[in-house]
1. Quick check: from the Cα gyration tensor, does the stretch 36-110 come out rounded (a/c under 1.5), prolate or oblate?
2. Can you pull the one-decimal nm distance between simple spin-label points at residue 80 and residue 54, each 7 Å off the Cα toward Cβ?
3. Rounded to the nearest whole Å³, what is the per residue volume of the convex hull around the Cα atoms of the chain?
4. Does anyone have the angle between helix 39-55 and the longest principal axis of the chain? Alpha-carbon axes, 0 to 90°, nearest 10?
5. Could you pull the Rg and Dmax for the stretch 10-52, using just the Cα atoms, both in Å?
6. In degrees between 0 and 90, to the nearest 10, how far off the longest principal axis of the chain does helix 61-74 point, with axes built from Cα atoms?
7. Per residue of the chain, what 222 nm ellipticity follows from adding -39500 (n - 2.57) for every DSSP H run with n ≥ 4, rounded to the nearest 500?
Ligand SMILES: [Zn+2]
């Protein structure tokens, strides 16, 4: 279920354009707003999170998200870097532009995106 709310992103989550809190996807911009990335890409990014949340039974998603983030911080990453390298975010960012991705995606595919030493850390916006 998609909800559009400028308020949340203007007042609380200032650097974000979308957030997924199962079963809701909350987006800053609607279909008609041309000011940022294409709506479909942002919506797809959040739909991938929705799928990840379903397959971690929702309740495990948030603690896991936080644990991955914390591990990244312990590795010395700054906030944005640590966020961007959470496996759930890595998967969503890689496939957000592929609007057919969720049709063929394998179960628990986010596991492929757990950082290994050979992976480059994503650090740029
Ligand atoms: Zn995300």
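1. Details: a/c = 2.27, a/b = 1.38, b/c = 1.65.
Here the stretch 36-110 falls in the oblate category.
2. The answer from the label model is 3.3 nm.
3. Numbers: hull volume 14.4 nm³, N = 125.
Here the figure is 115 Å³ per residue.
4. Approximately 50 degrees, to the nearest ten.
5. Every Cα atom of the stretch 10-52 included, Rg and Dmax give 10.3, 28 Å.
6. 50 degrees
7. On the way: 6 runs with 56 residues, N = 125.
The helix contribution divided over the chain gives -13000 deg cm²/dmol.
Read-outs: derived from the displayed coordinates by stated rules, not from any lab. Note that the structure is a prediction, hence the values are computed from the model and not measured. Virtual Cβ from ideal backbone geometry, glycine too; neighbours counted across all protein chains shown.
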